[in-house]
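One structure below.
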Amino acid sequence: MSARFVLVSLFSLAIAAVSLRADEPRTVVFFGDSLTAGYGLDDPATEAYPALIQEKITAEKLPWRVVNAGLSGETSAGGLRRVDWILRQPADVFVLALGANDGLRGIDPAVSTVNLQGIVDRVRAKYPAAKIVLVGMQMPPNFGEEYTRAFAAMYPALAAKNHLVLVPFLLEGVGGHSELNQPDGIHPTAQGAAVAAQNVWKVLEPLLH
């Protein structure tokens, strides 16, 4: 067997391996709280907004799979503790959707900012090439003007500092619309989740092509 034949064969195998990896679906990880997990929905596996994103991906025949790593009750501090475990799986796009429970508990946005920054840093350390999407949240006016303003400003500030892709407000068009929310007034119905999915999709879709 000639050396030339061996080299050609090895090169062909290398090209084939690259082609196989290229054909494998890449991963979008949704890392969030009960809004991501689909709390209160009849079938979160099909009705939560990440599941609806997967439907859109499948419909467009894009080579991506969605992992829903939402956990009800999760805060930014809890997410920082949990993120290393989640990052044991691949993450080509990481959708960070935490902070709502911080706001509901009245946690200082400066503290939440440190935690969210820590999550961003962990993702970039493990997967430097991953694209990170930050999903913004807002608090209702009864939390006080100063707090709601500082809370809302946290997300665009983090996005600008870290060059993240920003979804301005997950519940745009859902919050304040009783017909799109469950009786608690916090978690969306299946119809509300569909609106939230569209809010995310219009920002996420360009990253998947």
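The values are calculated or read from the model by the stated rules, or taken from the named source; none is laboratory data. Just so it is clear, the structure is predicted and the values come from calculations on it, not from any experiment. All Cβ positions, even for glycine, are placed from backbone atoms using ideal geometry, and neighbour counts span all protein chains on display. Surface areas here come from the heavy atoms of the whole protein model, side chains and all, with no ligands, DNA or RNA. Shrake-Rupley method; radii C 1.70, N 1.55, O 1.52, S 1.80 Å.
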Given a 1.4 Å probe, how much area per residue of the chain is accessible, in Å²?
-> 52 Å²
Size of charge dipole - the chain - debye, nearest 20, with Cβ of Lys, Arg +1 and Asp, Glu -1, no other charges = 1060 debye
So R105 and K61, fully extended at 0.36 nm per residue minus their Cα-Cα distance, gain in nm 11.8 nm
Starting from the Cα of R124, step 7 Å along the direction of its Cβ; do the same at Q191; then give the gap between the two resulting points in nm.
-> 4.2 nm
So how do T46, T113, T75 rank on accessible area, 1.4 Å probe, biggest first, that is with the largest at the start?
-> T46, T113, T75
Relative to the first principal axis of the alpha-carbon coordinates of the chain, what is the inclination of helix 3-23, with its axis defined by its Cα atoms, in degrees from 0 to 90 and to the nearest 10?
-> 20 degrees
Where nothing but the Cβ of Lys and Arg (+1) and of Asp and Glu (-1) is charged, how large is the charge dipole of segment 101-209 around its Cα centre, in debye to the nearest 20?
-> 520 debye
When the charge dipole of the chain is computed with +1 at the Cβ of Lys and Arg and -1 at the Cβ of Asp and Glu, the Cα pointing farthest to the positive end, of A51, P25, P183, is that of P25
To the nearest 0.05, what FRET efficiency results for D43 and R88 with a Förster distance of 30 Å applied to their C-beta separation?
-> 0.65
In segment 32-68, the trypsin sites (Lys or Arg not before Pro) that fall in loop regions by DSSP, at most 11 other Cβ within 10 Å | K61
Along the dipole axis of the chain (charges at Cβ: +1 for Lys and Arg, -1 for Asp and Glu; origin at the Cα centre), the most positive-end residue among Y127, G144, A157 is Y127
In degrees, nearest 10, the alpha-carbon axis of helix 145-162 is tilted away from the dominant principal axis of the alpha carbons of the chain by 10 degrees
Leaving ligands, DNA and RNA out of it, report the carbon-plus-sulfur percent of the accessible area of segment 39-87 at a 1.4 Å probe.
-> 55 percent
Largest fluctuation, N181, N199, N142 only, Gaussian network model of the chain with Cα springs under 10 angstrom, belongs to N142
Leaving ligands, DNA and RNA out of it, report the carbon-plus-sulfur percent of the accessible area of segment 123-209 at a 1.4 Å probe.
-> 60 percent
Going 7 Å from the Cα of L207 in the Cα-to-Cβ direction, what parts of segment 146-172 have a backbone nitrogen less than 11 Å from that spot?
-> 164-167
Radius 15 Å from Cβ of F143, net charge of other residues (Lys, Arg +1; Asp, Glu -1) = -2
For segment 63-209, just say rounded, prolate or oblate: build the C-alpha gyration tensor, square-root its eigenvalues into a ≥ b ≥ c, call rounded for a/c under 1.5, and beyond that prolate if a/b exceeds b/c, oblate if not.
-> oblate
Looks like segment 24-110, by Cα gyration tensor root eigenvalues a ≥ b ≥ c and the a/c under 1.5 rounded cutoff (else prolate when a/b is bigger than b/c, oblate otherwise), is oblate
Computed [θ] at 222 nm, helices only, for the chain once each DSSP H run of length n ≥ 4 contributes -39500 (n - 2.57) | -16000 deg cm²/dmol
